Amino acid sequence: MRKSRIKLKKITNPGGTIAWKVSGTVNGKQERQNFKTKEAAEAFKQQLEVKLRQGDDNGRFLFTKLSPAELDDAFAALKFLSERGSKRSLLVPFGRLRMRLSRRAIQRQ
């Protein structure tokens, strides 16, 4: 499929108000939306660019606030679950970890 770049443009509406327009084609689908703030328009533009980069793949790319260490922990937890085939198998070790952390927090107080 043909892919084009995503454009961000400042526009003035007939009433004199300023808006930000994001437009482009993502994987053959026309995308166009107006925003009151530039920040909101840039966020939408980034979302469209992510869609454009991932193409027709079934994989997903998400922005996250997790640190690299937290991401490593999340992937380790997913691996742990997949090896055991059940989400329930994570509950017991998770419960034990929470109890240990709670006890440490109480001891420090």
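The values are calculated or read from the model by the stated rules, or taken from the named source; none is laboratory data. Please read these numbers as outputs of a predicted model, since none were measured by experiment. We place every Cβ from the backbone using ideal geometry, glycine too, and count neighbours over all the protein chains shown.
For the stretch 42-63, check the following and say yes or no: at least one residue is surrounded by 10 or more Cβ atoms within 10 Å (Cβ to Cβ), at pLDDT 80 or above, in a helix (DSSP H, G or I) and small (Gly, Ala, Ser).
So far as the stretch 42-63 goes, yes, one or more of its residues are surrounded by 10 or more Cβ atoms within 10 Å (Cβ to Cβ), at pLDDT 80 or above, in a helix (DSSP H, G or I) and small (Gly, Ala, Ser).
Pairs needed: first member in the stretch 43-69, more than 18 Å from Lys7 (Cα to Cα); second member anywhere, modelled with pLDDT under 80 and part of a helix (DSSP H, G or I); C-beta distance under 6 Å; at least 6 residues apart or different chains.
Cβ pairs passing all conditions: Phe61/Gln54.
Checking the condition of a type in the set (Lys, Arg) and modelled with pLDDT under 80, which residue from Arg5, Arg96 passes?
The match here is Arg96.
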